[in-house]
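Engineer: Let me give you the structure first, and then I'll get to my questions.
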Amino acid sequence: MILTMILLTGLMGASGIALAAAATHAAPGLGLDNAAYILLLHAVAVLSGAALVQQRLLQRPLMLLVLSAWVLGSALFSGDIAFRAFVGYHLFPLTAPTGGIILIVAWLGLAVTAIVALVRS
C-alpha cells in the first residue's frame, strides 16, 4: 500500500505542475493555480506520511487512512476545479467543497494519529 501511495504522489505532483502551467498559459483566472497548489502540497504530505509509516513513527492503519484521504480529497478538489475550467461544469454538485472537507478531516486525522503515538510512547 505504501508503494501505491508513492505512485499516487508522483501522479499528484505531475498533475500539480501541469495545472500550474495551465493556470499561467491556458486558462488564467479560472482557479487552476489553487488546484495546482492543493495537489503539490498534498503530494509532499503523502510522501512524508508514507516515510513516517515506513519509519514506524506513526501507526500504519491510521496513517493509511490519512494518506488515502489526502489523495481522495486532493483529487476531488483539484479535479473539480480543473474539470470546470476545461469542460465548463462540475464533476458533481459540491465536489470541490467535499474534497476540501475530506482534506480538513485528514489533517485532523494526522493529529489524532500523533496523539495515539504519543500516548503509546
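The values are calculated or read from the model by the stated rules, or taken from the named source; none is laboratory data. Every value quoted in this text rests on a predicted model; they were computed, and no experiment measured them. Because the Cβ atoms are built from the backbone with ideal geometry, glycine has one as well, and the counts that use them run over all protein chains shown.
Engineer: Check off (1) small (G, A, S); (2) modelled with pLDDT of 95 or more; (3) assigned to a loop (DSSP other than H, G, I, E, B) for A20 and give me the number that stays unchecked.
Structural biologist: The failed condition is (3).
Engineer: Now for a different question. Based on this model, can you work out whether S74 counts as touching a His at 6+ places or on another chain (Cβ under 7 Å) and at pLDDT 95 or above?
Structural biologist: Numbers: touching a His at 6+ places or on another chain (Cβ under 7 Å): yes; at pLDDT 95 or above: yes.
Yes, satisfied.
Engineer: Follow-up question, since we're still on this one. Of the residues that sit in the stretch 23-40 and are assigned to a helix (DSSP H, G or I) and either aromatic (F, W, Y) or touching a residue at least 40 places away in the same chain (Cβ under 8 Å) (or both), which one is surrounded by the most Cβ atoms within 10 Å (Cβ to Cβ)?
Structural biologist: Looking only at the stretch 23-40, we keep the residues that are assigned to a helix (DSSP H, G or I), and these are 23-25, 32-40.
Checking which are either aromatic (F, W, Y) or touching a residue at least 40 places away in the same chain (Cβ under 8 Å) (or both) leaves us with 32, 34-38.
Working: L32: 24, N34: 15, A35: 28, A36: 23, Y37: 15, I38: 25.
Taking the candidates together, the pick is A35.
Engineer: Can you find, within the stretch 41-57, the residue that is surrounded by the fewest Cβ atoms within 10 Å (Cβ to Cβ) among those that are under 15 Å from M1 (Cα atoms) and among the aliphatic types (A, V, I, L, M)?
Structural biologist: The extreme case among them is A51.
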